[in-house]
1. So the check is Cβ under 8 Å with 6+ separation or different chains; which pairs have a first residue in region 50-71 that's part of a helix (DSSP H, G or I) and a second one that's open to solvent by 40 Å² or more (accessible area, probe 1.4 Å)?
2. Out of the residues in region 84-104 that are open to solvent by less than 30 Å² (accessible area, probe 1.4 Å) and of a type outside the set (A, V, I, L, M), state the one that is modelled with the lowest pLDDT.
3. Quick test for you: out of 124, 147, pick the one residue that is more than 28 Å from residue 64 (Cα to Cα), touching a Leu at 6+ places or on another chain (Cβ under 8 Å) and either of a type in the set (Lys, Arg) or free of Cβ contacts under 8 Å to residues at least 40 places away in the same chain (or both).
4. Identify, please: which residue in region 199-226 is touching a residue at least 40 places away in the same chain (Cβ under 8 Å) and open to solvent by 60 Å² or more (accessible area, probe 1.4 Å) and is, among those, nearest to residue 160 (Cα to Cα)?
5. Hey, could you check region 163-198 for residues that are within 26 Å of residue 213 (Cβ to Cβ), of a type in the set (Gly, Ala, Ser) and open to solvent by 20 Å² or more (accessible area, probe 1.4 Å) and say which is modelled with the highest pLDDT?
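The values are calculated or read from the model by the stated rules, or taken from the named source; none is laboratory data. Worth saying up front: this structure is predicted, and the values here are computed from it rather than measured. Heads up, the Cβs are rebuilt from the backbone with ideal geometry, glycines too, and the neighbour counts pull from every protein chain shown. For accessibility, only protein heavy atoms count, side chains too; no ligands or nucleic acids. Shrake-Rupley method; radii C 1.70, N 1.55, O 1.52, S 1.80 Å.
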Amino acid sequence: LFNSILLLVIILVSTQVVSGQQQKVKEDTRAVYLKNGSVLIGVVETYNYGEPVRIRMSDGGAIEIPYDQIESVSRVKKKALRHKGTIKDSPHKPYIFNEEGWHYSGDIGALEGGGNFNGGLHLSINLGAIYHFNKYLGIGLHSGFESYDIGYNQNIIPVYLTIQGYAFSKKISPTYSVGLGYGIALQPEDSNTNSEGGLLFYPKIGLRLGGGDSANIHIFSGLKIQDLRVDYEFFEGSEEFLIQERTLKRIIIGIGVIF
C-alpha cells in the first residue's frame, strides 16, 4: 500500500512539474520585430507560418499582426526589459494599417475664398469609399455637400471619382488624391433665380496619422475648382436675365478619418 501511495505521489508531482514547465514556455516574453522598424514586446499566443501573429500585451490586451509585416520573432531576456522591477512593453507601436481592400472616409473642411457678395470661410463635407489595390493606388467614389456661398445660391452636391494613395508604410504618411466629377447645384428658394452645376476638379495632398487597423486621422489641403451657372431674373415672369457663368476656385483645409 505504501509503495502504491508513493508511486501516486511521484506521478502527481511529475505531472505538476511538466505542466508548470509548459506554462512557463507558453508565457515566455518575446520581441516581434516588424519590417518597418517597430518592435513589440509581449507574450506570443499564436505564431504559425503564413498566419497573423497574435501577441498579448502586459495590460492584458491582444493584437494581431499580419505575417507579411513581420521581420522576426525572438526570445527576450526579462532582465533586459526590467524597469523599476516591472516588465514594460516596448514604446514602439506596430504599423498594422491595411493598405489593400476597401477604405472608407469622412471629412470636413473650410473653403477659403470670396463669393459673389461676401468672402470668408465656407463649409465642405464629404464621405467616400475607395478600393485600394496597394498603398500607392486606390479608386473610388465621393459625395457630400459644398457651400461656396451659403446665402447666395452657390450650394453644391458633388459626385466625383477619386484616385488616391499613400507614400509610405509608416504611421505618418503623406497622401495624395485627385477627384474629377460633377457638382449638382441646389436650387435656391428665390423663384427669380436658377442655378446650374458643372464640372468639378479636386486635387489635394495631406498626412495620414496613426497606422492602426481602425480609424486613422487625415489632415489635408487642396484646391476645389467648380463650374457654376446662375441665372437671375430681373422681374418675375419677364424674359430679362442676368446670366453668370463662373469657375469657382477655393482653397480647402480640413480634417477627417480613414477606416
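1. 67/49; 67/50; 67/51; 67/52; 69/35; 69/36
2. Within region 84-104, the match that is modelled with the lowest pLDDT is 90.
3. 147 is the lone residue from the list that is more than 28 Å from residue 64 (Cα to Cα), touching a Leu at 6+ places or on another chain (Cβ under 8 Å) and either of a type in the set (Lys, Arg) or free of Cβ contacts under 8 Å to residues at least 40 places away in the same chain (or both).
4. Among those residues, the one meeting the criterion is 217.
5. 167
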